[in-house]
Amino acid sequence: MATTQGDVKDLRLAAEGKKRIDWAEQTMPVLRQIRESFTKTKPLKGMKVSACLHVTTETANLMRTLKAGGADVMLCASNPLSTQDDTAASLVKHDGIPVFAIHGENRKTYYRHLQQALAQQPTVTLDDGADLVSMLLTDAAYKDQAKRIRASLEETTTGVIRLRAMEKDGVLTLPVVAVNDADTKYLFDNRYGTGQSTLDGILRATCLLFAGKPVVVAGYGWCGKGVASRARGLGAQVIVTEINPIRALEAAMDGFRVMPMADAAREGELFITLTGDIGVLREEHFLKMPDGAILCNSGHFDVEIDVKALKKIAKSVEKNVRQNVDAYRLPNGRSLYLIGEGRLVNLAAAEGHPAAVMDMSFATQALALQWVVENKKPLDTRVHLVPKAVEEKVATLKLASMNIRCDRLTEEQKKYLSSWESGT
Ligand code: ADE
C-alpha cells in the first residue's frame, strides 16, 4: 500500500531488515566515520535528496548517513529485481526514510515509484543507471524542476555512458558528478565487487562447480576483469570475448583465451555478459550452445542477452526449474538455462556486492555530495569528476580501517618528481 512513507512490501519485515542493515554496517567503517562526522556537522542541512539505487542493506547505510548529515532523503529502486523487501521496510519503520520499492515490481510500478521519488522536489538526485535524470530531462512535466537540481550523482558505468551521450547531444541541462569514475569506486566495486558477487549469484542460483568448467566472459572492462579472474581462481577455463582490440589483447596477455562469440558459443557451458551493450548473446549464438548451458548477465540493463529471441525460438519455457532459473527448451533438443530473467545476476540471485566494497563506493558518494553542497559556486552543466581530495580521503580512511600503513614521499622525492633537470 503506497503512503507518504513509501510503498514497500510489508512493514512486518522491518525487524529482519534492521538486523541485516546493522550487520552490513559493521564492514562499512569508512561510511560509519563519515556518518559520525555528519551527525555533528550537518553539512547536508536543507538538502532534499531523492535516490534511485539498488535497495540493499549497503544502500540503507548510505541513506542513514545522508540523513545524519541533515538531508531529507527518499529512496526508490533502480532495478525491479534488486530490492530487498526487509531492508525497504526497515528504512521506513526504523529510520523514517520513505522508500518506494517492491521486489519484482512491474515496469509500470517501477516508473510510478520514480515519479514518487521526484515528487518531493529534490535539490540533489542520486542515480544508478541514470533513470531519474533521464525522467527529469525527457518528461516535460519536470522541465522546471530539472532547473532547480544542484547536481545529480551517478553510481554506475552504464549511467555515466548515458549521461555523457546526453552531454554530447546537448540535452544535459543539469550538473552531473560521475561517482562511478572515481578511482575509489570503479577500481574496487567494479572489479572486486562485481567479480565476487556475480559468482555468488551464479552459485546461489545453480550450485554449479566452477573447477574445470568452460566459462565465457563477454566484456573485459573492470567488471569483466574481476569476473574472469575470480572464475579462474575457482579453476574454470575462462574464455573472454571483446570488441575492443586493446582489451582483447589485455585479456590474452592476462592468460585468457580470446575469441569471437560465434566460436565461444560452441565451447562455453556458462556465459556471463558484462559489456553494457545490447544483443551480446543472440539467436545465432543460442543455436550453437551445448545442451545445459547456463546464461546470465551482470551488466546494468537486461539488454545483453536477447531474451525475446530466446523465447521466440524456444519450443517451451519452464519457469523456476530452480529458484531464479528458467529453462528454455529448444527445437534442437537442447535446453538452455537463464538466471534472473537476464537481469543483473548478482542482485537478482544474490545480495549484490559485499558491504566492505560498497563502503568505498558509498563513502565516495557521501563525500562527493558534501563537496557539491559546500561548493560556493553552483556546478556548471556537464559531467564532473569527483575531486582527487575526496578519492584520497576515502582510500586513506579505508587503509587505516584495514590497519595498513603505506609510505609517504620524502622531501627529496617530492622535489625530484616536480623537477625535470636530472636525466640520464
Ligand atoms: N550495486 C552492486 N552491489 C550493490 C549493493 N550491495 N548495494 C547497492 N548497490 C549495489
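Please treat every number below as a calculation from the coordinates, not as lab data. For clarity, every value in this text was computed on a predicted model and none was experimentally measured. Cβ placement follows ideal geometry from the backbone for every residue including glycine, while neighbour counts extend to all protein chains displayed.
Test each condition in (1) assigned to a helix (DSSP H, G or I); (2) touching a residue at least 40 places away in the same chain (Cβ under 8 Å) for residue 380 and report the one that comes out false.
Condition not satisfied by residue 380: (1).
Considering only residues that are among the β-branched types (Val, Ile, Thr) and either within 16 Å of the ligand (Cβ to nearest atom) or in contact (Cβ under 8 Å) with a residue 24 or more places away in the chain (or both), look in segment 314-369 and name the one that is farthest from residue 301 (Cα to Cα).
364
Out of 225, 213, report the one residue that is under 20 Å from residue 157 (Cα atoms), of a type in the set (Lys, Arg) and either surrounded by fewer than 22 Cβ atoms within 10 Å (Cβ to Cβ) or within 17 Å of the chain's Cα centre (by Cα) (or both).
Answer to the selection: 225.
Under 22 Å from residue 394 (Cα atoms) and not aromatic (Phe, Trp, Tyr) - does that describe any residue in segment 335-346?
The answer is no; no qualifying residue exists.
Looking at segment 399-423, which of its residues are in a helix (DSSP H, G or I) and closer than 30 Å to residue 357 by Cβ?
399, 400, 401
Do we have residue 364 as in contact with a Ser or Thr (Cβ under 7 Å, 6 or more places away or on another chain), of a type in the set (S, T, N, Q) and surrounded by fewer than 20 Cβ atoms within 10 Å (Cβ to Cβ) here?
Answer is no for this residue.
Are any residues in segment 249-269 in contact (Cβ under 8 Å) with a residue 24 or more places away in the chain and surrounded by 18 or more Cβ atoms within 10 Å (Cβ to Cβ), and if so, which ones?
Scanning segment 249-269 gives 251, 256, 261, 264, 265, 268, 269.
Of all residues in segment 200-241, count the ones that are under 18 Å from residue 344 (Cβ atoms), of a type outside the set (Val, Ile, Thr) and either out of contact with any Leu (no Cβ under 9 Å at 6 or more places or on another chain) or part of a helix (DSSP H, G or I) (or both).
13
Which of the residues belonging to segment 40-78 are surrounded by fewer than 24 Cβ atoms within 10 Å (Cβ to Cβ) and farther than 16 Å from residue 97 by Cα?
40, 41, 42, 43
Can you say whether residue 309 is within 16 Å of the ligand (Cβ to nearest atom) and either among the aliphatic types (A, V, I, L, M) or free of Cβ contacts under 8 Å to residues at least 24 places away in the same chain (or both), as far as the supplied structure shows?
In short, no.
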